[in-house]
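Only one structure is covered here, and it is reproduced in the block below.
The values are calculated or read from the model by the stated rules, or taken from the named source; none is laboratory data. Note that this is a predicted model, so its numbers are computed, not measured. Here the Cβ positions follow ideal geometry from the backbone for every residue, glycine too, while neighbour counts run over all protein chains shown.
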Amino acid sequence: MELRHFRYFVAVAEEENVSRAALKLHVSQPGLSRQIRDLEDEIGFALFKRSAKSLHLTAAGKSFLIEARAVLAHANDAVNKARAVAGGATGEINVGYAPSLTVQILPQALRAFQEKFPGVRVALHDLTTEEMLARLGEKKLQVALTVRPPAKLLRGLNCEDLARYEMCVAVAPKHPLAKSKFISLEQISREPLIAYSRKEYPEYHSHLATLFTPFGRKPNVVSEHDGITSLIADVEVGRGFALVPSSVACMAGPRLKLLALRPALPPILVVAVWRKEPESELVKFFIAAARPPAK
């Protein structure tokens, strides 16, 4: 007895007609009739009551139909599970991300990925760019979503642009500057600045120093934070301003006012980074899912 016997039997039982079942199965009618007879001979009892124009299940046939459907469902499930393993569709994928930069990218990527690979766990790691690159090299991450690193740090890695965000000045809604449409760096160069942690984001502080050098003063950093959530809270209570990408608007909502800079600063480029080696199906699809929708 083979799986095809079960498929043929179920088709004939559901159609109650050999001709219609043969069309559904794309086999010849005589061949299908022969297969059903062979099945009955093998199991030793009749599955159908036959007449000149139709056939109906016997009591034994009705019982056998329940079991035959279960066998086919189990076989199909086994094939799907094996196919998933062969295609890398089980297990785990580790993704590093920067929260303030990926607030618009990550949700769409996760939705699409989980629909395609529901059996795969996506482990998310909130890390600095430096930490992400290190873990990619150690093969502890498969994908990193971060600000574009310098080219010299991308040896052995693929890098693809995903989004670009304008740099803005974030202030509390009641800040004296909140009603401004545009603001310049010179206007805020004496204002208290709320920044990311120097220890974890040294490149951020180097960038700040470069930005304020033309005005002959150092950034007036009054507090440092290791994450965007506490930084937003500190700005919200009015302790100072922060330089943030426009993507932060999705996280802060009405809690902060984001002011456009004039002259504008170069935009922040958000990228996907992954190792230069034969990519797994999981990595390929996650990168595709993180790409912006086609316009």
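Take the residues of the stretch 257-277 that are assigned to a loop (DSSP other than H, G, I, E, B) and within 16 Å of residue 140 (Cα to Cα): which is modelled with the highest pLDDT?
Filtering the stretch 257-277 for residues assigned to a loop (DSSP other than H, G, I, E, B) gives 262-267, 276-277.
This time we only want the ones that are within 16 Å of residue 140 (Cα to Cα), so: 276-277.
On the way: 276: 89, 277: 82.
The selected residue is 276.
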Across the stretch 141-178, the tally of residues that are of a type in the set (Lys, Arg) and assigned to a strand (DSSP E or B) stands at 1
Would you please name the residue that is surrounded by the most Cβ atoms within 10 Å (Cβ to Cβ), looking only at residues in the stretch 8-40 that are under 19 Å from residue 58 (Cα atoms) and of a type in the set (D, E, K, R)?
-> 40
Exactly one condition in (1) assigned to a helix (DSSP H, G or I); (2) outside the structural domain of residue 180 (by TED's automatic domain parsing); (3) exposed (fewer than 14 other Cβ atoms within 10 Å of the Cβ) is not met by residue 283; state its number.
-> (3)
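Would you say residue 198 is assigned by TED's automatic domain parsing to the domain that holds residue 233, in a loop (DSSP other than H, G, I, E, B) and under 28 Å from residue 94 (Cβ atoms)? Reasoning before the result, please.
Details: assigned by TED's automatic domain parsing to the domain that holds residue 233: yes; in a loop (DSSP other than H, G, I, E, B): yes; under 28 Å from residue 94 (Cβ atoms): yes.
Taking the combined requirement at face value, the residue satisfies it.
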In the set 263, 192, 202, which member is farther than 24 Å from residue 110 by Cα and in contact with a Gly (Cβ under 6 Å, 6 or more places away or on another chain)?
-> 192
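Could you please give the count of residues in the stretch 1-56 that are part of a loop (DSSP other than H, G, I, E, B) and among the aliphatic types (A, V, I, L, M)? Break it down stepwise before answering.
Taking the stretch 1-56 and keeping what is part of a loop (DSSP other than H, G, I, E, B), we get 1-2, 16-17, 26-28, 44-47, 51-54.
From what is left, the residues that are among the aliphatic types (A, V, I, L, M) are 1, 27, 46-47, 52.
Summing the residues that are part of a loop (DSSP other than H, G, I, E, B) and among the aliphatic types (A, V, I, L, M) in the stretch 1-56 gives 5.
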For residue 191, are the conditions met, namely being of a type outside the set (A, V, I, L, M, F, W, C), outside any helix (DSSP H, G or I), in contact with a Lys or Arg (Cβ under 8 Å, 6 or more places away or on another chain) and surrounded by 14 or more Cβ atoms within 10 Å (Cβ to Cβ)?
-> no
Output the residue which, of all residues in the stretch 6-24 that are acidic (Asp, Glu) and under 43 Å from the mean Cα position of the chain (by Cα), is modelled with the highest pLDDT.
-> 14
What is the residue count in the stretch 201-256 for residues that are closer than 18 Å to residue 177 by Cα, outside any helix (DSSP H, G or I) and among the small types (Gly, Ala, Ser)?
-> 3
Every residue from the stretch 179-188 that is at pLDDT 90 or above and either assigned to a loop (DSSP other than H, G, I, E, B) or under 28 Å from the mean Cα position of the chain (by Cα) (or both) | 179, 180, 184
